[in-house]
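The values are calculated or read from the model by the stated rules, or taken from the named source; none is laboratory data. None of the values given here were measured: they were computed from a predicted structure. Neighbour counts run over all protein chains shown; Cβ positions are idealised from the backbone, glycine included.
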Amino acid sequence: MTETLLALISTALINNVVLHWPLGVDPLLASERRQVHALGIATTCLMLIVGVLGYTLYHWLLIPLELTSLRLFVFLPLSVLLIGPLLMGLSRAFSTLSFEGLWPLLLGNASVLGVALLNIQNDKGLLAATAVSLGAGLGFWLVLSLFNDLRQRTLDNDVPLPFRGLPIDLIGAGLIAVAFLGFSGLIKT
């Protein structure tokens, strides 16, 4: 149980999919202010579902049939096919949040596929794969919220003309990544 909790915290803070493995940067830069929490919830749920289902399909279908080299051809359609029903279910569950227009952001989020591949690469069991998937989603949501706050602060300040827009966003993402490096000594393995 302790290893599962450490895997969850480590994936959310130390081995963050956006900052440590730059996999979810595109949705981070393309997200709008009003959809930050909707994108965070949707990405967390999608990472959890694809991570767990991908792990079970790999171990119960691909390994027995000796088709492990086809893992990308299983994980990619799995993540694409789950986006529509997931967004419909989340829009019913969270009626106050707008989940419209999140389809392309979830489709282009490489961190969902990356988490599924990391789960089978580490291969520490289904519970650890669940913890890593949930931690990756929560870490993405945390970075998304922090980045949105930083973006709002730069919009209100006088930023020099050459740095407005994407350059100041990338500088801010780099500073957040440096700040998250402080968590690297938090968990000793």
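Which of the residues spanning the stretch 99-112 are surrounded by 14 or more Cβ atoms within 10 Å (Cβ to Cβ) and either among the small types (Gly, Ala, Ser) or over 23 Å from Asn16 (Cα atoms) (or both)?
Phe99, Ala110, Ser111 - these are the residues of the stretch 99-112 that are surrounded by 14 or more Cβ atoms within 10 Å (Cβ to Cβ) and either among the small types (Gly, Ala, Ser) or over 23 Å from Asn16 (Cα atoms) (or both).
Exactly one of (1) of a type outside the set (D, E, K, R); (2) modelled with pLDDT under 95; (3) within 13 Å of the chain's Cα centre (by Cα) is unmet by Val50. Its number?
The one condition Val50 does not meet is (2).
Within the stretch 65-98, restricting attention to residues that are in contact (Cβ under 8 Å) with a residue 12 or more places away in the chain and among the polar types (S, T, N, Q), which residue is surrounded by the most Cβ atoms within 10 Å (Cβ to Cβ)?
Out of the qualifying residues, it is Ser79.
Could you list, in sequence order, the residues of the stretch 87-102 that are of a type in the set (A, V, I, L, M, F, W, C), in a helix (DSSP H, G or I) and within 15 Å of His37 (Cα to Cα)?
Correct list: Leu87, Leu90, Ala93.
Looking at this structure, is Ala42 modelled with pLDDT of 80 or more, over 17 Å from Gly114 (Cα atoms) and surrounded by 20 or more Cβ atoms within 10 Å (Cβ to Cβ)?
Judged against the criteria, Ala42 is not a match.
Among the residues of the stretch 130-189, count how many are loosely packed, with under 11 Cβ neighbours inside 10 Å and either small (Gly, Ala, Ser) or in contact with a helix residue (DSSP H, G or I) (Cβ under 6 Å, 6 or more places away or on another chain) (or both).
2
Out of all the residues in the stretch 161-183, which are aromatic (Phe, Trp, Tyr) and over 15 Å from Leu144 (Cα atoms)?
Phe163, Phe183
Looking at the stretch 105-128 only, could you name the residues that are small (Gly, Ala, Ser) and touching a Leu at 6+ places or on another chain (Cβ under 7 Å)?
Ala110, Ser111, Gly114
Output the residues belonging to the stretch 1-39 that are assigned to a helix (DSSP H, G or I) and modelled with pLDDT under 80.
Within the stretch 1-39, Val25, Asp26, Pro27, Leu28, Leu29, Ala30, Arg33, Arg34 meet the criteria.
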